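Here is the structure we will look at, set down as structure tokens.
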Amino acid sequence: MIKRIGVLTGGGDSPAINAALRAIFVRSQHYGYTVVGIRNGWEGLVKGNAAELERKDVAQILAIGGTIIGTSRTNPFKIENGVENVKANIAKFALDAIITIGGDDTNGVMFKLSKQYGIKGVGIPQTIDNDIAYSDYSIGFDSSLEIVTNAIDALHTTAFSHSRVMIVEVMGRDAGWLALCGGIAGGADVILIPEVDFDYNEIVNVLKARKERGANSSMIVVAEGAKPANCEGPICASDTVDNFGHVQLGGIGKTIADELEKRTGFECRVTVLGHLQRGGKPTAFDRLLGTRLGATAVDFIHEGKFGNLVVMNNGKITAVPLEKALTERKPMDLDLYELSKLFY
């Protein structure tokens, strides 16, 4: 019998997480459940940092970005006694089920705890990379996309004024959804994504063709995980590896700028949007998505549908088993990628 639900947000933050938290709390009240906010992702259950949420905690948070309960990239399976602490604190706070809001890593921990220790939970996809299988849109993607598009719009004017090639580096370790959709919406001339290795010769041909027909500036959008053909891996900003085995990416924009200046003589400038992509107010779409996913997650717990990810799939809110969503890769829309090449 469900009485107390824990909720945590893990991994990189994004706008509209709070919309989901608000919906989880309100829907839980409808069923008579108590909601316990777990601080800073899985770290909160490792360290025993959690507290019951009250109505005042979720009031007026719909338009606020980030997450009111904090986040981290903590992996209890990589911490000494981490899993034991998680199990002990679940008992301490008398949690009957957990809702995890995050990407593959955060929800992956939920899946392992469920499979290995029988801990009940439901996941919600939240990642600006928008790379979770069977999920049309993850919480945060639309808001981040708006930020990327607005940045590209602004950079067009300075690129034109100085007759430059402007290179915009956006987030996207393994998936190029932000770069592709933001690049098309912002009128980029070249878009580079992790799913398709790029050829410098093709980029040079585009830039020279534009120059020959009178275009004095060009816009290139590149995902941080993109790489040229015959390159072993993406460019890394440091050798530091997080608890989930990820290195910090960054620097592909500068690498491309240096190579293009050498090959063309065109002046290139790089803008790395970085954490700007995670900040600010959520869009209306993201607020609606977060609200629908959050409320449905509580419904699933009420109905005993544990071990599922709540997703928008083909426009409908539904369930997909966590194992299926986490082990399969979301395919890139290569038709959309080919369409982007028409507009240089």
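Computed from the coordinates by the stated procedures, all read-outs in this text should not be read as laboratory data. Note that the structure is predicted; figures quoted are calculated from it, not measured. A quick note on method: Cβ atoms are made from the backbone with ideal geometry, for glycine too, and the neighbour counts reach across all protein chains shown.
Mind checking the full-extension length gain between Asp197 and Glu303? Use 0.36 nm per residue of separation minus the Cα-Cα distance, one decimal, nm.
Difference between extended and current length: 33.7 nm.
Among the DSSP beta bridges whose two residues both lie in the chain, what percent are antiparallel, rounded to the nearest 5?
Once the DSSP bridges in the chain are tallied, antiparallel ones form about 25 percent.
According to the Cα gyration tensor, what semi-axes, each the square root of 5 times an eigenvalue, does the equivalent ellipsoid of the range 92-231 have, listed from largest to smallest in whole Å?
Here the semi-axes work out to 40, 16, 9 Å.
Using the per-residue mean of other Cβ atoms lying within 10 Å as a proxy for protection, in what order, highest first, do the peptides 199-210, 286-297 fall?
286-297, 199-210
Taking amide hydrogens as modeled 1.01 Å from N in the peptide plane, which residues meet the under 5 Å criterion relative to Val36, leaving out close sequence neighbours?
Correct list: Ile5, Gly6, Val7, Leu53.
Which residue, His275, His162, His302, has the most motion in a Gaussian network model of the chain that connects Cα atoms within less than 10 Å?
Looking only at His275, His162, His302, the largest GNM fluctuation is found for His162.
Taking only the alpha-carbon positions of the chain and ignoring solvent, what does the Debye formula give for the base-10 log of I(q)/I(0) at q = 0.15 Å⁻¹?
Debye intensities relative to I(0), on a log10 scale: -1.15.
Order 21-27, 336-342, 116-122 from most to least packed using the mean count of other Cβ atoms within 10 Å.
On the way: 21-27: 23.4, 336-342: 13.0, 116-122: 17.3.
Result, highest mean Cβ count within 10 Å first: 21-27, 116-122, 336-342.
Can you give the extra length, in nm with one decimal, that the chain gains between Leu342 and Ala185 once fully stretched, where that is 0.36 nm per residue apart less the Cα-Cα distance?
Fully extending the segment from Leu342 to Ala185 adds 55.2 nm.
What number, in nm² with one decimal, is the all-direction average of the projected area of the convex hull of the alpha-carbon atoms of the range 168-241?
Working: hull surface 21.7 nm².
Mean orientational projected area (the range 168-241, Cα hull): 5.4 nm².
Name the long-range amide H neighbours of Ser218: under 5 Å, sequence gap of 5 or more, or other chain; modelled H, no Pro or chain starts.
HN-HN under 5 Å from Ser218: Arg164, Val165, Met166.
For Cα pairs less than 8 Å apart in space and 6+ apart in sequence, what is the mean separation divided by the residue count of the chain, i.e. the relative contact order in percent?
It rounds to 23 percent for the chain.
Which cross-chain or sequence-distant (5 or more) residues have an amide H under 5 Å from the amide H of Gln126, H modelled 1.01 Å from N in plane?
Here the answer is Gly102, Gly103, Ile139, since their amide H atoms fall under 5 Å of that of Gln126.
In nm, what is the difference between 0.36 nm times the number of residues separating Ala88 and Lys211 and their Cα-Cα distance?
37.8 nm
Would you order Lys115, Lys316, Lys305 from fewest to most other beta-carbon atoms within 10 Å of each residue's own beta-carbon?
Lowest to highest Cβ neighbour count: Lys316, Lys115, Lys305.
Cβ neighbours within 10 Å, averaged per peptide: list 215-228, 254-267 in order, most packed at the top.
215-228, 254-267
Give the calculated FRET efficiency between Ile68 and Arg269 to the nearest 0.05, with a Förster radius of 41 Å applied to their Cβ-Cβ distance.
In this case the efficiency is close to 0.65.
Describe numerically, in nm with one decimal, the distance between label points set 7 Å from Cα along Cα→Cβ at Asp335 and at Lys316.
So the two model labels end up 2.1 nm from each other.
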